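Trainee: So that we are looking at the same thing, I have put the structure below in structure tokens.
The values are calculated or read from the model by the stated rules, or taken from the named source; none is laboratory data. Remember, it's a predicted structure, so these values are computed and weren't measured experimentally. Note that we place each Cβ from the backbone using ideal geometry, even for glycine, and neighbour counts take in every protein chain shown.
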Amino acid sequence: MDLEKILPKDGPPINEVNKYIEKYKNDLIVIKYGGNVLIDRNVFNNFITDLSVLNKLGLATIVIHGGGPRIKRELEKSNIQSKFIRGLRVTDKNIISIVESVLIDFNNDIVKSLKDKGTEAISIHTKKNNVIQTIPEAAELGFVGIPNKINNEQILSVINQNKIPVISPLGLDTENQTYNINGDTAAMAIAKSLRSRRLLLMTNVDGVLDKNKKLIEEISSSEIMEMVKDETITEGMIPKINACLDAVNNGVTAVGIINGTKPHSCLWEIFSDKGSGTLIRQ
């Protein structure tokens, strides 16, 4: 395998990449890319390159994407104001149809872009190959769901064909009603169900920051709970942190929170000694 031809020039060093390919070759990596990260088309193209590299190197990668900014834009076009409770969008019948449509369009965009790079990928969402069975999170949130069952077999069958499953954060209940799912929650549920080696949450911040706004490179679940209690961690970061804690307490070896706007941060996190964000372990 000619790594020089596969790896981007500003990616991690080849000697480190070799070591980590061996380390991860029989493991699953779940990557969630936030919609906030993928607004910029250059960042989006970097993300597509990184996924293509991981696939060419033989790593089993599962992708869950967000779509918050795209959803916000479409709702604004329809003069619909969003209300949030605990960082989650309150979702009525009207909103869920817009959310579903936007996320499926975005999913198709990712899959087409991967195919244009010569990487096979499969769309998974509520209209095609759904793998997330959902129950309502809370009555006040409307059609916001939490996953209660993941179809592992369907995801693994895509992986076994050396294709990338690209999953929208949507699910169906037992009556085929669509629910919007927080992207981090969906990624956590999938990582947990498949007992993946790594869950990477790609966001638009460098990772978990301390009170002095300095990056924490590695932290335990008990230390991070203290940071939530003393309000060092607040608002939109809380669903992300809850997803991380749930994952590391239920079979996922470690979770990384990484700045996906930095070039090839995903590759640096997986294939370098230093990593590129905050690593959370049990």
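Trainee: Please work out if Ile270 is in contact with a Phe, Trp or Tyr (Cβ under 7 Å, 6 or more places away or on another chain), assigned to a helix (DSSP H, G or I) and surrounded by 19 or more Cβ atoms within 10 Å (Cβ to Cβ).
Mentor: Numbers: in contact with a Phe, Trp or Tyr (Cβ under 7 Å, 6 or more places away or on another chain): yes; assigned to a helix (DSSP H, G or I): yes; surrounded by 19 or more Cβ atoms within 10 Å (Cβ to Cβ): yes.
When the stated conditions are applied, Ile270 passes them.
Trainee: Restricting to the stretch 116-126, name every residue that is on the phi < 0 side of the Ramachandran plot and either hydrophobic (A, V, I, L, M, F, W, C) or loosely packed, with under 13 Cβ neighbours inside 10 Å (or both).
Mentor: Of the stretch 116-126, the ones on the phi < 0 side of the Ramachandran plot are 116-117, 119-126.
Of everything in the stretch 116-126, those that are on the phi < 0 side of the Ramachandran plot and either hydrophobic (A, V, I, L, M, F, W, C) or loosely packed, with under 13 Cβ neighbours inside 10 Å (or both) turn out to be Asp116, Ala121, Ile122, Ile124.
Trainee: Evaluate the stretch 154-172: report whether one residue or more is hydrophobic (A, V, I, L, M, F, W, C), in contact (Cβ under 8 Å) with a residue 60 or more places away in the chain and assigned to a helix (DSSP H, G or I).
Mentor: Of the stretch 154-172, the ones hydrophobic (A, V, I, L, M, F, W, C) are 155-156, 158-159, 164, 166-167, 170, 172.
Retained after the next criterion (residues that are in contact (Cβ under 8 Å) with a residue 60 or more places away in the chain): 155, 159, 164, 166-167, 170.
Of the ones still in play, those that are also assigned to a helix (DSSP H, G or I) are 155, 159.
Yes, the stretch 154-172 contains at least one residue that is hydrophobic (A, V, I, L, M, F, W, C), in contact (Cβ under 8 Å) with a residue 60 or more places away in the chain and assigned to a helix (DSSP H, G or I).
Trainee: Which of (1) within 19 Å of Ala187 (Cβ to Cβ); (2) without any contact (Cβ under 8 Å) to a residue 24 or more places away in the chain is the odd one out, the single condition Asn249 does not satisfy?
Mentor: (2)
Trainee: Could you tell me whether any residue of the stretch 39-52 is out of contact with any Ser or Thr (no Cβ under 8 Å at 6 or more places or on another chain), within 22 Å of Thr185 (Cβ to Cβ) and surrounded by fewer than 21 Cβ atoms within 10 Å (Cβ to Cβ)?
Mentor: Yes, because at least one residue in the stretch 39-52 is out of contact with any Ser or Thr (no Cβ under 8 Å at 6 or more places or on another chain), within 22 Å of Thr185 (Cβ to Cβ) and surrounded by fewer than 21 Cβ atoms within 10 Å (Cβ to Cβ).
Trainee: Residues that are buried (at least 19 other Cβ atoms within 10 Å of the Cβ) and under 19 Å from Ile98 (Cβ atoms): does the stretch 148-167 have at least one?
Mentor: No; the residues of the stretch 148-167 include none that is buried (at least 19 other Cβ atoms within 10 Å of the Cβ) and under 19 Å from Ile98 (Cβ atoms).
Trainee: Sticking with this one: Hey, any hits in the stretch 42-64 for a residue that's touching a Lys or Arg at 6+ places or on another chain (Cβ under 8 Å), part of a helix (DSSP H, G or I) and within 21 Å of Cys244 (Cβ to Cβ)?
Mentor: no
Trainee: May I pose another question? Regarding the stretch 12-27, can at least one residue be identified that is without any contact (Cβ under 8 Å) to a residue 40 or more places away in the chain, in contact with a helix residue (DSSP H, G or I) (Cβ under 9 Å, 6 or more places away or on another chain) and outside any helix (DSSP H, G or I)?
Mentor: No - not one qualifying residue is present in the stretch 12-27.
Trainee: Something else: Given (1) among the polar types (S, T, N, Q); (2) at negative phi; (3) touching a strand residue (DSSP E or B) at 6+ places or on another chain (Cβ under 9 Å), identify the lone condition not met by Asn129.
Mentor: Looking at each condition in turn, Asn129 falls short on (2).
To keep it simple, each residue is scored yes or no on (1) farther than 19 Å from Ile64 by Cα; (2) touching a helix residue (DSSP H, G or I) at 6+ places or on another chain (Cβ under 9 Å).
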{"position": "Val208", "(1), (2)": "yes, yes"}
{"position": "Lys213", "(1), (2)": "yes, no"}
{"position": "Glu218", "(1), (2)": "yes, no"}
{"position": "Glu231", "(1), (2)": "yes, no"}
{"position": "Thr234", "(1), (2)": "yes, yes"}
{"position": "Ala254", "(1), (2)": "no, yes"}
{"position": "His264", "(1), (2)": "no, yes"}
{"position": "Ser272", "(1), (2)": "yes, yes"}
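Trainee: Please work out which residue is modelled with the highest pLDDT, limiting yourself to the stretch 179-208 and to residues that are of a type in the set (Val, Ile, Thr) and not in a helix (DSSP H, G or I).
Mentor: Checked the stretch 179-208; the qualifying residue modelled with the highest pLDDT is Ile181.
Trainee: Further, regarding this structure: Of everything in the stretch 219-241, what is in contact with a strand residue (DSSP E or B) (Cβ under 8 Å, 6 or more places away or on another chain) and among the basic types (Lys, Arg)? Give them in sequence order.
Mentor: Once the filter is applied, which keeps residues that are in contact with a strand residue (DSSP E or B) (Cβ under 8 Å, 6 or more places away or on another chain) and among the basic types (Lys, Arg), the stretch 219-241 yields only Lys240.
Trainee: Could we say that Leu103 is touching a strand residue (DSSP E or B) at 6+ places or on another chain (Cβ under 7 Å), part of a helix (DSSP H, G or I) and surrounded by 14 or more Cβ atoms within 10 Å (Cβ to Cβ) here?
Mentor: Numbers: touching a strand residue (DSSP E or B) at 6+ places or on another chain (Cβ under 7 Å): yes; part of a helix (DSSP H, G or I): yes; surrounded by 14 or more Cβ atoms within 10 Å (Cβ to Cβ): yes.
The answer is yes for Leu103.
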